[in-house]
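Notes to accompany the following structure.
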């Protein structure tokens with residue numbers, strides 16, 4: 001078992017990485033103190049892994065909430081449903097909320113845990129590649145609003161992240177590809193060698209090779225854990241983790257969270273961010289093309305149809321990275337070197353959006 005730590009003083013926590021962890025009672029005996037648990041999962045994941053998890057939890061009191069699957073269900077109403085179950089079962093402040101599923105379940109369950117009695121313990125048990133490499137680590141929780149992605153939320157760190165890589169064997173190919181977008185992001189913001197490794201080993205990843213997947217999960221978690229440890233609440237460096245997300249979130253919200261997986265929108269967003277960097281003259285066009293080519297090879301969209309540039313821009317204006325009325329973008333100086341920029345030519349953004357988006361959406 002591989003173990004990494006997110007170093008946050010008294011709120012530090014481990015990330016465990018290995019196959020079969022959900023079936024190991026020792027993992028929970030060692031790392032989970034709560035004896036009363038609420039397990040939040042969804043209709044896709046629960047039939048696959050909930051029995052294995054509950055068997056590993058032993059004689060603890062467990063209650064389950066099974067939500068519908070999909071980003072469209074990451075709502076305040078479903079968070080309230082989780083809170084209603086916590087209240088109805090009179091769970092005390094020493095309980096824990098366990099999130100078994102992908103990023104939607106993790107974000108929503110974490111938000112409910114942050115709100116209940118002003119914060120109870122929370123465990124991430126991610127079952128998608130995207131959640132294992134990104135959303136399960138770092139303590140961002142929240143739900144969507146019709147006006148924008150993740151506009152309602154809280155920082156609430158988990159006490160434990162269990163990345164059971166065996167769960168990726170049941171992941172649909174589309175979900176696997178979506179997870180690769182976040183891995184590509186890590187290479188772009190902080191590790192040119194990882195980006196090059198992805199270019200060389202992409203086929204093995206797409207085929208679900210366990211060793212290749214374990215490598216990118218560990219490296220992604222290392223990068224994110226280090227950044228979160230230095231900047232937990234996104235006062236500075238952590239904003240780099242949003243590369244591609246300002247564009248991606250606009251795509252998701254403009255299509256009512258029904259058409260695009262989060263990772264697909266991020267993949268397109270990475271291409272747009274690289275093109276914008278080139279348009280601003282800070283990134284060599286050949287490197288922008290490397291980004292586009294890798295995203296395309298990963299089976300992710302590189303162009304957005306059905307969303308007009310003006311519509312995307314309107315959604316971007318409500319993004320959480322708007323400060324002082326100015327939209328900040330994460331751009332690239334080179335592969336492996338990102339920066340936050342609020343001083344860019346407006347016409348470059350307009351031109352870049354027009355090149356990559358289209359339709360009346």
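Computed quantities for the displayed model
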item: Separation between Cα centres of the range 89-142 and the range 223-238, rounded to whole Å; result: 19 Å
item: Paramagnetic label zone (point 7 Å from Cα along Cα-to-C-beta, residue 313; backbone N under 20 Å) in the range 328-361; result: 328-331, 341-361
item: Degrees, to the nearest 10: 103-115 long Cα axis against longest axis of the chain; result: 60 degrees
item: Nitroxide proxy distance, nm - points 7 Å out along Cα→Cβ at residue 333 and residue 348; result: 1.4 nm
item: Counting DSSP beta bridges with both ends in the chain, the antiparallel % (nearest 5); result: 40 percent
item: Rounded if a/c under 1.5, otherwise prolate or oblate - the range 2-170, Cα gyration tensor axes; result: rounded
item: Rel. contact order, % - alpha carbon contacts under 8 angstrom, at least six apart, the range 173-358; result: 28 percent
item: Most fluctuating residue given options 231, 319, 42, as computed from a GNM of the chain linking Cα atoms under 10 Å; result: 231
item: The range 2-170, relative contact order [Cα under 8 Å, separation at least 6], %; result: 26 percent
item: Per-residue Cβ neighbour rank within 10 angstrom, fewest leading, 155, 195, 122; result: 155, 195, 122
item: Ranked 260, 197, criterion: other C-beta atoms within 10 Å, fewest first; result: 197, 260
item: Point-to-point label distance, residue 237-residue 258, nm (Cα→Cβ direction, 7 Å offset); result: 4.2 nm
item: Difference of contour (0.36 nm per residue) and Cα-Cα distance, residue 7 to residue 289; result: 97.9 nm
item: The range 87-202: relative contact order as a whole-number percent, Cα under 8 Å and 6+ apart; result: 23 percent
item: Förster radius 30 Å - calculated FRET efficiency between residue 203 and residue 282, Cβ distance, rounded to 0.05; result: 0.45
item: FRET efficiency estimate (nearest 0.05) - Cβ-Cβ, residue 52 to residue 72, R0 25 angstrom; result: 0.35
item: 0 to 90° range, to nearest 10: angle between helix 76-88 axis and the chain longest Cα axis; result: 10 degrees
item: Spin-label pair residue 297/residue 355, simplified geometry with 7 Å Cα→Cβ offset, distance in nm; result: 2.1 nm
item: Top of 183, 87, 162 by mean-square fluctuation, Gaussian network on the chain, Cα under 10 Å; result: 87
item: Distance from the range 268-292 to the range 153-196 (C-alpha centre basis), Å; result: 22 Å
item: Helical mean residue ellipticity (222 nm; -39500 (n - 2.57) per DSSP H run of 4+; nearest 500) of the chain; result: -14000 deg cm²/dmol
item: 0 to 90° range, to nearest 10: angle between helix 285-297 axis and the chain longest Cα axis; result: 40 degrees
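No lab work stands behind these numbers, since they all come straight from the coordinates. If you're wondering where the values come from, they're calculated on a predicted model, not measured in any experiment. Cβ sites come from the backbone with ideal geometry, for glycine too, and all protein chains shown count toward neighbours.
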